Amino acid sequence: MDYNFHEIEKKWQDYWEENETYKASDDFSKKKFYALVEFPYPSGHGLHVGHPRSYTAIDILARKRRMEGYNVLFPMGWDAFGLPTENYAIKHNIHPKKITAENIANFKRQLKSIGFSFDWSKEINTTDENYYKWTQWIFLKLFEKGLAYKQEMPINWCTSCKVGLANEEVVNGVCERCGGEVVQKRKSQWMLKITEYAQRLIDDLDEVNYIEKIKTQQRNWIGRSEGAEVDFALAGVDKKIRVYTTRPDTLFGATYMVVSPEHPVIAELSDKITNMDEVAAYQKEAAHKSEFERTEMAKDKTGVELKGIKAVNPVNGTEIPVWISDYVLMTYGTGAIMAVPAHDSRDWDFAKKFGLPIIEVVGGGKDVQEEAYTDVSEGVMVNSGFLTGLSVKDAIKKMIEYLEENGLGKKKVNFKLRDWVFSRQRYWGEPIPLVWCDKCGWVPVPYEELPLTLPELDKFAPGEEGESPLAKATDWINTKCPHCGGPAKRETDTMPQWAGSSWYFLRYIDPNNDKALASTEKLDYWMPVDWYNGGMEHTTLHVLYSRFWYKFLYDIGVVKTKEPYMKRTSQGMILGENNEKMSKSRGNVVNPDDVVNEFGADTFRTYEMFIGAFDQATPWSENGVRGCHKFIERVWNLQPMLTDEDGYSKDLEGLMHKTVKKVTEDTERMKFNTAIAAMMSLVNEFYKKGKVTKDEFKTLIVLLYPTAPHISEELWQRAGMTGYLHDAAWPTYDEEKTKDDSVEIVIQINGKIRGKLVVPAEISRDELGKLVCDSEEGKAAIAGKTVVKVIAVPGKLVNIVVK
RNA sequence: GCGCCCGUGGCGGAAUUGGCAGACGCGCUAGACUUAGGAUCUAGUGUCAACGACGUGGGAGUUCAAGUCUCUUCGGGCGCACCA
């Protein structure tokens, strides 16, 4: 009766597949549970041990929900458009479609070998024409509603991928994907107006149950701030410069202005500016700096005064100089600021460097000539005319009222979030279904002509200047305008990888529908996703983008809820044995195939969950894997200890109920490591006794089933239980029976442990105190001293304070 | 620089509301068995000058009682990074 996991795991994987055990039901009268994990990008490297950490966790929850009577949808698919495949295609001159198919086959084999309870009948692939037809459909809807627009603008250009990047894809000034240098390049790009949804993307976070860290990151990324726009007149010129400030209260302390080097006012005033050569040189210098250099330069401020120009402070009429500096960004606010060096550290640095005046307007801090006073929660306004004496909070309110009454400015909310750069000059992505007609402008490809499929090419590399590979497909490009019938050209840009993943969870619901992205009936039943787990790295990319698309689909009536995901959790990273990030170059990569072959899928799954706290990074340990394998084998070897007795034996009844409670609760809290520890302890108890009743064994393997499904099913069958384990119900526990009749109480004297006493569990505070004081241990401790106080905590301890 | 999280044995990590620190696993030690193995079972395993004392990065504080709360400091991680 050796534990032959190869045989057992194959047997049950085949059984589940043949019988479609985990197929979601179309019975919409049942309560539903939509469990979702991020679908993988099928790279050539195969599955990483990090993928199964997320998948096993949600698989455990999906299996538990089925046992609790839910109709569960737990699907899987492939996010298969993307650069690595395309780069491989370019290098080896193989069609990306072919590479994608091979990679998917490998991923699928690996996932199946681990025994996840995916409903494979719902499998999707973002590169399927019948899938991206609907990605294109959503894009056309966005275009129709004015949320997609083309604009010439400076974009983040990855010099290595030769592709434009969204702001979200630039990390520390380098490409998020390849680490290549990112420079600014002017290009005409398709943009999506995610900014129009900024406020709703913040507000509706209140309605969902994401872990707090994710909510915070989303809020920070959207970056809402409240303040005011203020117009500064220019002396002797009929022109105004508008600034945005979150601190209108400090307006009396504005001693100069700064506009960004790209600000249009500079060109408009070029005949008034007396040092235009110097200014132009600075503009040129700023334009040549890459994003990386601009952030590197953060320490030392540079700038040039616009000589011949003076602005007028609207509240006190003072004339103040105007400067240009690249610390002011054209992409935020109005591209111009009022500088208050006394209460802003950046302005302070600039003022000190260029000898500009510093006027204190909020009192109560240190000398503003020495340091900017920015934390003004306690401050009171000084030198500020009608604001003097007010708190900062009241001063902000009063100043906004004043500005609005006098037509000098108004209250304004700003966001850091920028519109989403949606064009990629690449082959392996969804073609943007638009046509350029010289007469009609941008015309959408008619819905009935979707999908607009990729043209067949034999070379996939982008042009040196970054033009799309599609630009070479002349037969494909030249077409007729759907509107006027005249000659027209297709858009050659494709969509970014985030397009397909922004709505994939909707397609799972109805993957073969050719009339709609999914039927309304099915969408209404299954949405929203009940529990979504994935990596932290997708918080400001995928999660934000997909929430935006979902809200748009809500607005046009496709879906009925405001938010796609009710709950979002995140797993920690699995590191190499040396505590470093797993990577080929570090030589510390663990291949899931090797673990499954040597120890089996059940051991692999158990270890993935036992490795450490689910949300924290933890190093891999082969000895840890062996420990879990030993546990699985110990469960197997309980078989000869099985008795014919029914029910729980008297001495283990409490422990059985406690274990059911612990595993049930810990699973819901994603404390998988402690749930497994509880099962290990239970098995240890069975070994100590040398026997286990049928019902005790049954409870154990039901609890173990979500974590280690193959061995559990096998043991269920071998023990002669009726039916199949996957049809069994999740065990219940009796709260009363989890409580012991008597408990051991710790006796403390002045906080030090001096003894222990077993007392009845149900006992009042007073009784407990008395009982302990009257006990031998208590008496001994008190002897010869005065009792000052007795603190009794039922079920825990009694602390006697003596003198 | 700002914001958030984390510092617990030789290691991974436990510890609802402040209430026996170190569950569970690894490793280590000893024993049993034996077809001699990376097998299995049993027992032990925080530290020390050891019937006691000390112990959750360091220092202070609140409390009858602190890993848990407060302040401070050091170390590590993540996020944002000139966002006005």
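The values are calculated or read from the model by the stated rules, or taken from the named source; none is laboratory data. Note that the structure is predicted; figures quoted are calculated from it, not measured. Note that we place each Cβ from the backbone using ideal geometry, even for glycine, and neighbour counts take in every protein chain shown. With ligands, DNA and RNA removed, areas are computed over all heavy atoms of the protein, side chains included. Shrake-Rupley method; radii C 1.70, N 1.55, O 1.52, S 1.80 Å.
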> Given the structure, is A:SER681 more than 20 Å from A:TYR3 (Cα to Cα), more than 10 Å from RNA strand B (Cβ to nearest atom), in contact with a Ser or Thr (Cβ under 9 Å, 6 or more places away or on another chain) and of a type in the set (Gly, Ala, Ser)?
Replying inline: no
>> Going through A:ILE800, A:ILE763 one at a time, which residue ends up being within 16 Å of RNA strand B (Cβ to nearest atom), in contact with a Pro (Cβ under 9 Å, 6 or more places away or on another chain) and outside any helix (DSSP H, G or I)?
In response: A:ILE763
> Checking A:ASP375 against (1) open to solvent by 20 Å² or more (accessible area, probe 1.4 Å); (2) away from RNA strand B (no atom under 14 Å from the Cβ), which test does it fail?
Replying inline: (2)
> Which residues, taken from the stretch A:109-132, are in contact with a helix residue (DSSP H, G or I) (Cβ under 8 Å, 6 or more places away or on another chain) and assigned to a loop (DSSP other than H, G, I, E, B)?
Replying inline: A:GLY115, A:PHE116, A:SER117, A:PHE118, A:THR126, A:THR127
>> Let me spell it out: the conditions are (1) open to solvent by 50 Å² or more (accessible area, probe 1.4 Å); (2) closer than 25 Å to A:GLY720 by Cα; (3) more than 11 Å from RNA strand B (Cβ to nearest atom), and A:ASN597 meets all of them except one. Which number is the exception?
In response: (2)
> Within the stretch A:92-108, can one find any residue that is farther than 23 Å from A:LEU450 by Cα, in contact with a helix residue (DSSP H, G or I) (Cβ under 7 Å, 6 or more places away or on another chain), open to solvent by less than 50 Å² (accessible area, probe 1.4 Å) and part of a strand (DSSP E or B)?
Replying inline: no
>> For the stretch A:652-678, give me each residue that is acidic (Asp, Glu), more than 9 Å from RNA strand B (Cβ to nearest atom) and open to solvent by less than 50 Å² (accessible area, probe 1.4 Å).
In response: A:GLU653
>> Suppose we filter A:THR520, A:THR561 for residues that are hydroxyl-bearing (Ser, Thr, Tyr) and either in contact with a helix residue (DSSP H, G or I) (Cβ under 7 Å, 6 or more places away or on another chain) or closer than 23 Å to A:TYR197 by Cα (or both); which single one remains?
In response: A:THR561
> Restricting attention to the stretch A:606-651, and to residues there that are part of a helix (DSSP H, G or I) and touching an Asp or Glu at 6+ places or on another chain (Cβ under 8 Å), which single residue is farthest from RNA strand B (Cβ to nearest atom)?
Replying inline: A:ILE632
> Which condition breaks for A:GLU207 when tested against (1) open to solvent by 20 Å² or more (accessible area, probe 1.4 Å); (2) charged (D, E, K, R); (3) farther than 28 Å from A:TRP531 by Cβ?
Replying inline: (3)
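To keep it simple, each residue is scored yes or no on (1) farther than 30 Å from A:LYS272 by Cβ; (2) open to solvent by 50 Å² or more (accessible area, probe 1.4 Å); (3) out of contact with any His (no Cβ under 7 Å at 6 or more places or on another chain).
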position	(1), (2), (3)
A:ILE320	no, no, yes
A:THR331	no, yes, yes
A:ALA339	no, no, yes
A:PHE350	no, no, yes
A:LEU356	no, no, yes
A:GLU360	yes, yes, yes
A:GLY385	no, yes, yes
A:LYS393	yes, yes, yes
> Tell me, which residue of the stretch A:567-582 that is open to solvent by less than 30 Å² (accessible area, probe 1.4 Å) and not in a strand (DSSP E or B) is farthest from A:GLU714 (Cα to Cα)?
Replying inline: A:MET582
